[in-house]
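The values are calculated or read from the model by the stated rules, or taken from the named source; none is laboratory data. These figures come from a predicted structure and were not determined experimentally. Ideal geometry is used to build each Cβ from the backbone, glycine not excepted, and the neighbour counts take in all protein chains shown.
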Amino acid sequence: MNKCEIITIANQKGGVGKTTTAVNLSASLAYKGKKVLLIDADPQSNATTSLGIYRNDVEFYLYHVLTDSKKLSQIIKKTDTKNLFLAPSNIGLVGFEKEFYNKRTQGRELILKKKIAEVTEDYDFIILDSPPALGPLTMNALSASDSVLIPIQCEFFALEGLAQLLSTIKMLKEQINPNLSIKGFLPTMYASQNNLAKQVIYDLSQHFDKYMFKDINSQNLTIPRSVKLAESPSFGKPILLYDMRSNGSIAYQNLAEAILQGV
Ligand code: ATP
Ligand code: MG
């Protein structure tokens, strides 16, 4: 039987490359023949627009699923990338966060997990993009996942907040989702000529080598700083469709390969 793997892309720090990773990892897995559902669990809906899906194309969003007016399968959209499907989000998703805090009921972290359970048989991978906060949406995403992939921007404050994220993951594992594992840390926006970036990679591999993705040469896998990666969302395309041979595109294909090899 086909086992669906569910991965949340999370880091409560903003602008570290979560959405870029969610979109381009999803597209790269799809390109390698896997059937992939990307769930946009962020009210900013950057993953939705990055795939060229705009307000006029969509009637129902993740908000409608989380509030029981639609099934997840009813909101899923095809994308221009073969094998890649999207559960779109919009700003209305902030409404879910408000309702969450008003609900004192048990199990409010498991709402998304129940919705996802209805579609797991249809996909090889489900990737969730999460907002820059450890709030209800990120908690729901992590509670529904097998693992979490943490993009880390190669800059001075990179490791700040990582301890908090790791302790939240530990708490969540103890209390809600014992199966949650750390898929890996992914250094993003890496510029090899930048000494600070090199230092960040060095520090990460000193403390967390087992969480670093490796390329086929056993080197730490990093996502380069790339203008093409930054441009592609404005064309509504993953990097694979925008500039397949760019170094950013190749890096995300290598990440997909590392994940398929089961690191
Ligand atoms: P948020 O916390 O707001 O959801 P995020 O963590 O999802 O942000 P992204 O939206 O993926 O981060 O990236 C932030 C900005 O950096 C975007 O403008 C994006 O295009 C750009 N960016 C991401 N990765 C790269 C890269 N490797 N090279 C160059 N620019 C990048
Ligand atoms: Mg984002």
Revision key, fill the gap. Of the residues in segment 83-138, those that are among the hydroxyl-bearing types (Ser, Thr, Tyr), over 21 Å from Asp57 (Cβ atoms) and within 16 Å of ligand 2 (Cβ to nearest atom) number 2
Check your understanding: What number of residues within segment 39-59 are among the aliphatic types (A, V, I, L, M) and either away from ligand 2 (no atom under 16 Å from the Cβ) or assigned to a helix (DSSP H, G or I) (or both)?
Key -> 2
Check your understanding: Would you say Phe156 is touching a residue at least 40 places away in the same chain (Cβ under 8 Å), away from ligand 1 (no atom under 16 Å from the Cβ) and over 18 Å from Ala47 (Cα atoms)?
Key -> yes
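Rundown of residues vs (1) within 20 Å of the chain's Cα centre (by Cα); (2) farther than 27 Å from Phe157 by Cβ; (3) in a loop (DSSP other than H, G, I, E, B); (4) modelled with pLDDT of 95 or more, yes/no style:
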residue: Gln193; (1), (2), (3), (4): no, no, yes, no
residue: Ser205; (1), (2), (3), (4): no, no, no, no
residue: Thr222; (1), (2), (3), (4): yes, no, yes, yes
residue: Ser232; (1), (2), (3), (4): yes, no, no, yes
residue: Leu241; (1), (2), (3), (4): yes, yes, no, yes
residue: Met244; (1), (2), (3), (4): no, yes, yes, yes
residue: Gln253; (1), (2), (3), (4): yes, yes, no, yes
residue: Ala258; (1), (2), (3), (4): yes, no, no, yes
Check your understanding: What is the residue count in segment 101-111 for residues that are touching a residue at least 12 places away in the same chain (Cβ under 8 Å) and over 9 Å from Leu66 (Cβ atoms)?
Key -> 4
Practice item. Working only within segment 22-38, note down all residues that are part of a helix (DSSP H, G or I) and surrounded by fewer than 24 Cβ atoms within 10 Å (Cβ to Cβ). Key: Tyr31
Check your understanding: What number of residues within segment 243-258 satisfy the criterion of being buried (at least 20 other Cβ atoms within 10 Å of the Cβ) and either hydroxyl-bearing (Ser, Thr, Tyr) or within 13 Å of Ser50 (Cα to Cα) (or both)?
Key -> 2
Review point. Going through segment 161-210 one residue at a time, which ones are over 28 Å from Asn247 (Cα atoms) and of a type in the set (D, E, K, R)?
Key: Lys170, Lys173, Glu174
